[in-house]
1. Taking 7 Å along the Cα-to-C-beta vector as the label spot, tell me the residue 65-residue 82 distance in nanometres, rounded to one decimal.
2. Just to check, using Stokes-Einstein with a Kirkwood Rh over alpha carbon pairs, what's the diffusion coefficient of the chain at 25 °C and 0.890 mPa s in µm²/s?
3. List the pair-distance distribution P(r) of region 53-95, using every Cα-Cα distance, as the percent of pairs falling in each 10 Å bin from 0 up to the bin containing the longest distance, rounded to whole percents.
4. Sum -39500 (n - 2.57) across every DSSP H segment of at least 4 residues in the chain, then divide by the residue count to get the 222 nm mean residue ellipticity, nearest 500.
5. How high is the FRET efficiency between residue 26 and residue 93 when r is their beta carbon distance and R₀ equals 35 Å, given to the nearest 0.05?
6. Taking Cα atoms, how many degrees apart are the long axis of helix 46-58 and the longest axis of the chain, rounded to 10 and kept between 0 and 90?
């Protein structure tokens, strides 16, 4: 997640002011993996994902996008999502 989503560390206000894609690298050079895990759910605890999605469900959003990181782990992610994550989201948030 840190490799592909470290731009989360700057926040939307900072990101929207960066003049060029190269500026993202400079602006995020000090963002750590811990910064990313504090911003987005990582790992296999479905409760972390449910709590990250809850504010959007409460605001009336009816669809979310889930992003899996790491091509070699996609089959395991899809299996986990089917058996664990999606049921947890459905049970906790309805739908």
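1. Taking the simple label geometry, residue 65 and residue 82 are separated by 2.4 nm.
2. On the way: Rh = 15.0 Å.
Taking Rh from Cα pairs, D becomes 164 µm²/s.
3. With a bin width of 10 Å, the distribution comes to 25, 48, 24, 2.
4. Details: 7 runs with 53 residues, N = 95.
Only helices count here, giving -14500 deg cm²/dmol.
5. Numbers: r = 38 Å, r/R0 = 1.09.
With a Förster radius of 35 Å, E is 0.40.
6. The answer is roughly 80 degrees.
Bear in mind these aren't lab numbers, they're just calculated from the coordinates by the rules spelled out. All of these numbers come straight from a predicted model, not from anything done at the bench. Ideal geometry is used to build each Cβ from the backbone, glycine not excepted, and the neighbour counts take in all protein chains shown.
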